[in-house]
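The values are calculated or read from the model by the stated rules, or taken from the named source; none is laboratory data. This structure is a prediction, so every number in the text was calculated from the model and none was measured. All Cβ positions, even for glycine, are placed from backbone atoms using ideal geometry, and neighbour counts span all protein chains on display. The protein model used for the area step is the full one, side chains on, heavy atoms only, and it has no ligands, DNA or RNA in it. Shrake-Rupley method; radii C 1.70, N 1.55, O 1.52, S 1.80 Å.
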Amino acid sequence: MLLIVGTFRLPAHNIEAARPIMEQMVVASRCEEGCIEYSYSQDVFDPSLIHVKELWTDQAALDLHFA
């Protein structure tokens, strides 16, 4: 399994506009073969910081995701 953990920043005032796009990405990614987990979460202490967590069965599944 491959675990991907990361963060990215969005201006706090753009979070609500970005939410539907992030939801679409999560739903689409979770439907991909080999995706075990895919999630975004907003940091409790820093609203502009978004945490990303992905869990894939193997490198081939991750490669297809990036393709």
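Data table
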{"quantity": "Loop-resident sites, segment 1-37, for GluC sites (Glu not before Pro), counting at most 12 other Cβ within 10 Å (DSSP)", "calculated": "33"}
{"quantity": "Percent RCO, i.e. relative contact order, over the chain, from Cα pairs under 8 Å lying at least 6 residues apart", "calculated": "44"}
{"quantity": "Loop chymotrypsin sites (Phe, Trp or Tyr not before Pro), the chain (other Cβ atoms within 10 Å of the site Cβ: 13 or fewer; DSSP)", "calculated": "45"}
{"quantity": "The chain - accessible surface per residue (Å², probe 1.4 Å)", "calculated": "69"}
{"quantity": "Length gained when the stretch residue 43-residue 12 is fully extended (0.36 nm per residue, less Cα-Cα span)", "calculated": "10.1 nm"}
{"quantity": "Taking the C-alpha atoms of the chain, convex hull volume expressed per residue in Å³", "calculated": "81"}
{"quantity": "Charge tally in the Cβ shell below 14 Å around residue 15, where Lys, Arg are +1 and Asp, Glu are -1, residue 15 excluded", "calculated": "-2"}
{"quantity": "Within segment 50-67: backbone nitrogen closer than 20 Å to the residue 31 label point (7 Å, Cα to C-beta)", "calculated": "54-57, 61-67"}
